[in-house]
Each structure stands twice: as structure tokens, then as C-alpha cells.
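Here the structure comes first, spelled out in C-alpha cells, and everything after it is commentary.
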Amino acid sequence: MWYNYGVRVHRRGEQVTAEKSMAEVKAVKDKYQAELLKKANVVGVAIGYREKAGQMTDQVALTVMVKKKVPLSQLDAKDVIPPEIEGVMIDVKEVGEIRALT
């Protein structure tokens, strides 16, 4: 399951209790989503599991979706996405352009 605000989070057939972590991440998302969406290249913000070296971890994180990942040297300082916000890890994922289906 990509995200769930409930008590149980189902992942790979296992049940993981993640209520407190999920609640903390949701609070950070609610507080910073508008600010993150103003950054160049950002197309979405969600809650999900952090990926490391291409493998999904059990760590709940704030997922910031970007059209294309670019080197830090090519970004204005105001458009850099921090590695964490208020102790919540940020996972930046390249998703391309998001368009509504009609």
C-alpha cells in the first residue's frame, strides 16, 4: 500500500504498526506541502516508504515527486529539497510530468 493514515500499514503481505510514525509524517506533510509544491520541478507530495539503493525500506517518509531529478549544482538554493524536515526523512522520486486523464 502506498500510504495509509490508519493504524495498520500493509506491505509485502506483512502488517506493520505505524500509527505514530504515520501521524508525524502526515503532520509534516500538511504543514509543508504548499511550500514544497512551490519549488521548481516538484509535481506532488505524498506519504510512502523510503527507498534506498532501489529497495523499499520499512521507514515511513515524506515522498516529494519531481518531473526530473537534476544535480544540486543546477538548482537555485530556494528549489533544493532538504533531506529531512522536522526529523522526517524526505524521499525524492522522479515521476515525470503528471497530467489529469480526460
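The values are calculated or read from the model by the stated rules, or taken from the named source; none is laboratory data. Model, not experiment: these values are computed from the prediction. Backbone-built Cβ (ideal geometry, glycine too); neighbour counts: all protein chains shown.
Numerical summary
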read-out	value
Checklist (1) more than 17 Å from the chain's Cα centre (by Cα); (2) farther than 15 Å from ALA40 by Cβ applied to LYS78, failing item	(2)
Cβ-Cβ under 6 Å pairs, at least 6 apart or on other chains, region 41-63 side under 27 Å from ASP76 (Cα atoms), far side modelled with pLDDT of 90 or more and in a loop (DSSP other than H, G, I, E, B)	ASN41/LYS67; VAL43/LYS67
Scope region 57-66; condition exposed (fewer than 15 other Cβ atoms within 10 Å of the Cβ) and either acidic (Asp, Glu) or more than 10 Å from ASP91 (Cβ to Cβ) (or both); matching residues	ASP58
Where a residue in region 76-102 is under 19 Å from THR57 (Cβ atoms) and its partner, wherever it lies, is polar (S, T, N, Q) and surrounded by 10 or more Cβ atoms within 10 Å (Cβ to Cβ), with Cβ under 6 Å and at least six apart	ASP91/THR63; LYS93/THR63
Sole exception among (1) within 14 Å of VAL45 (Cβ to Cβ); (2) more than 15 Å from the chain's Cα centre (by Cα) for LYS67, by number	(2)
Filtered residue count, region 67-102, keeping only those that are surrounded by 10 or more Cβ atoms within 10 Å (Cβ to Cβ) and more than 29 Å from MET22 (Cβ to Cβ)	2
Residues that are at pLDDT 90 or above and not in a loop (DSSP other than H, G, I, E, B), drawn from region 89-102	ILE90, ASP91, VAL92, LYS93, GLU94
Region 68-88, residues that are within 19 Å of TYR32 (Cβ to Cβ) and not in a strand (DSSP E or B)	LEU75, ASP76, ALA77, LYS78, ASP79, VAL80, ILE81, PRO82, PRO83, GLU86, GLY87
Whichever residue in region 6-40 is of a type in the set (Gly, Ala, Ser) and modelled with pLDDT under 85 and, among such residues, is farthest from ASP76 (Cα to Cα)	GLY13
